[in-house]
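J.: So that we are looking at the same thing, I have put the structure below in structure tokens.
The values are calculated or read from the model by the stated rules, or taken from the named source; none is laboratory data. Bear in mind the structure is a predicted one, so any value in this text is a computation, not a measurement. Cβ coordinates were reconstructed from backbone atoms using ideal geometry, including for glycine residues, and neighbour counts include every protein chain displayed.
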Amino acid sequence: MSFLIRARKKISRFLKFFLKKKSARIGIYGPPNAGKTTLANRIVRDWTGDAVGPVSEIPHETRRARRKENITINGANGSTITIDIVDTPGVTTKIDYREFLEYGLDKEEAIVRAREATEGVAEAMHWLREDIDGVIYVLDSTLDPFMQVNIMMIGIIESRKLPVIIVANKIDLPDAAPARLKSAFPQHPVVPVSGLEGKNVENLYEQMTDYFG
């Protein structure tokens, strides 16, 4: 009997090893202009020397999910993870073409961008429902975290039981208040960083190896 139990355990470990995903797929989510692509570029550049995509001050510059595969991150504690980074379009509850007019786009360009941004949000939500193993939720730490879209998204992520790290981005700015994010989402790890300048990203990598590993 004990032989059968040991044999079953060995088979179980064998199957678990070979059925395990090669890498975890980590989605970078958050509202528009929170610095998602800047952070994604920072992560990818630090570990591969490459980048994910361009950034812009215009909202919804990222209008299609972009993916970089097999990024190996080493933590200072000796742990290692291999992930695919998925940089997703900014999620919002409303997209109005008129907001793009303020950035110098003409009406036709603004309407096209608004349509593409709307499609991008739908794509981001599809990834979240079907293909994401963990989430880095990026917030601008100079802004109020209690926006409807943030409450909605964190609720959806929690309902899927996905591990999530909240990044309080833009701590290089004078109005940054990452403590507000820690108060808003005490149930999740909150890591203050500057994706632009690379401040405190080592702590983020440590959290990623611990939390997503």
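J.: Can you name the helices (runs of 4 or more DSSP H) wholly within segment 97-209 that have at least 1 residues being small (Gly, Ala, Ser) and over 24 Å from residue 43 (Cβ atoms)?
T.: So the answer is 107-130, 148-159, 178-184.
J.: Turning to a different aspect of this structure: Only one residue in 212, 185 is at pLDDT 95 or above and of a type in the set (Phe, Trp, Tyr). Which one? Please lay out each step first, then the result.
T.: Details: 212 fails: at pLDDT 95 or above.
Sole residue among the options that is at pLDDT 95 or above and of a type in the set (Phe, Trp, Tyr): 185.
J.: Moving on. Tell me which residues, restricted to segment 177-203, are touching a residue at least 40 places away in the same chain (Cβ under 8 Å), hydrophobic (A, V, I, L, M, F, W, C) and out of contact with any helix residue (DSSP H, G or I) (no Cβ under 7 Å at 6 or more places or on another chain).
T.: Hit for segment 177-203 is 181, nothing else.
J.: So, one more: Pairs needed: first member in segment 93-121, closer than 28 Å to residue 27 by Cα; second member anywhere, in a helix (DSSP H, G or I) and among the aromatic types (Phe, Trp, Tyr); C-beta distance under 6 Å; at least 6 residues apart or different chains.
T.: Final answer for the pair search is 110/100; 113/100.
J.: Mind telling me which of the residues 96, 106, 87 ends up being of a type outside the set (S, T, N, Q) and either at pLDDT 85 or above or touching a strand residue (DSSP E or B) at 6+ places or on another chain (Cβ under 9 Å) (or both)? Write out each step before concluding.
T.: On the way: 96 fails: either at pLDDT 85 or above or touching a strand residue (DSSP E or B) at 6+ places or on another chain (Cβ under 9 Å) (or both); 106 fails: either at pLDDT 85 or above or touching a strand residue (DSSP E or B) at 6+ places or on another chain (Cβ under 9 Å) (or both).
Result of the check over 96, 106, 87: 87.
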